[in-house]
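This report concerns only the one structure given below.
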Amino acid sequence: MSTDESRDERDDVERPLPPSQDGGKGRSRVGSFVKETVILIGIALVLTVLIQTFLAKVYVIPSGSMEQTLHGCTGCTDDRVLVDKITYRFRDPSPGDVVVFRGPEAWTHNDFTSEHSDNPVVQALQGLGSLVGLAQIDERDFVKRVIAVGGQTIQCCDPRNRVLVDGKPLDEPYIYYVPGQPPKMADFAPVKVPAGRLFVMGDSRLNSLDSRFQGGGGVNGTIGVSDVIGKARVIVLPPGRWGFISDHDPQVAAGGLALLWWRRRNWADSLLPV
């Protein structure tokens, strides 16, 4: 046997099997992709929790008490609203603001009843969904409009069926009366709102359990400024409902502009030479 033939036989025996063409890099790339995806999902969840805890959160409107400013009714698509949690760190809620708040102890009637599951997996999914506005808010959370603030006296109504604050009628173009119901609010006695509290009402004035009724009405129906979670700013879903939420101030519109004009006129008169 020739030397060349012997070398070829040894090479056939000693030569290792050829490795895969990418040297196992394919599996490495897949593992790296999965790892990076998990990390990105984790970061996204952490950011979502932080943003919705301190900056803003999406809430589902589950009841019709704010029609037609906000939709929430049986058989229709409930509005999803973005609630600003920053504004009230620097100022208190003002008349006309639409706010989301935790119902105080005196508020024993909920706007709705959420469906809770005993299944821990379903509970986890519901909790995750509530973070992004896909599930209902807690049934102890409410959304109403601020009508009067601490130190003001509110009552209803004047001969034109208008709510009065400090004896002045309000301008409330957002009020909605359900078709078939008489457009007349029930009178209630004057309520002086304590400092640090708010008197809130729903825009669907005959379909709202608000400060007029909760806790028996009166002072017990007011809510604390500290109960407020944030200001409802924007309707984000459904797409056909996109838009900003009006914070029309019923007090300024009704009489504040005239008062402001009077003050400016008197200030200008004071600058004239005698």
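Please verify whether Val178 is loosely packed, with under 15 Cβ neighbours inside 10 Å and either over 24 Å from the mean Cα position of the chain (by Cα) or of a type outside the set (Lys, Arg) (or both), treating the condition exactly as stated. In short, yes.
When only residues in segment 182-237 that are assigned to a loop (DSSP other than H, G, I, E, B) and on the phi > 0 side of the Ramachandran plot count, which is modelled with the highest pLDDT? Break it down stepwise before answering.
Our first condition is that a residue be assigned to a loop (DSSP other than H, G, I, E, B); within segment 182-237, this holds for 182-187, 193-196, 202-203, 205-213, 217, 222.
Filter again for on the phi > 0 side of the Ramachandran plot, leaving 196, 217.
On the way: Gly196: 97, Gly217: 94.
Looking at residues that are assigned to a loop (DSSP other than H, G, I, E, B) and on the phi > 0 side of the Ramachandran plot, I get Gly196.
Residues in segment 201-232 that are among the hydroxyl-bearing types (Ser, Thr, Tyr) and within 18 Å of Val83 (Cα to Cα): 1 in all. Given the structure, is Asp111 loosely packed, with under 11 Cβ neighbours inside 10 Å and either at pLDDT below 80 or among the polar types (S, T, N, Q) (or both)? Here the answer is no, as Asp111 does not meet what is asked. Scanning segment 217-233 for residues that are in contact (Cβ under 8 Å) with a residue 40 or more places away in the chain and either in contact with a Cys (Cβ under 8 Å, 6 or more places away or on another chain) or surrounded by fewer than 16 Cβ atoms within 10 Å (Cβ to Cβ) (or both) yields Asn220, Gly224. Among the residues of segment 64-71, is any part of a loop (DSSP other than H, G, I, E, B), in contact with a helix residue (DSSP H, G or I) (Cβ under 8 Å, 6 or more places away or on another chain) and either of a type in the set (A, V, I, L, M) or at pLDDT 85 or above (or both)? Yes - at least one qualifying residue is present in segment 64-71.
The values are calculated or read from the model by the stated rules, or taken from the named source; none is laboratory data. Treat the numbers as computed from the prediction; the structure is a model and nothing was measured. Positions of Cβ are generated from backbone atoms using ideal geometry, with glycine treated the same way; all protein chains shown enter the neighbour counts.
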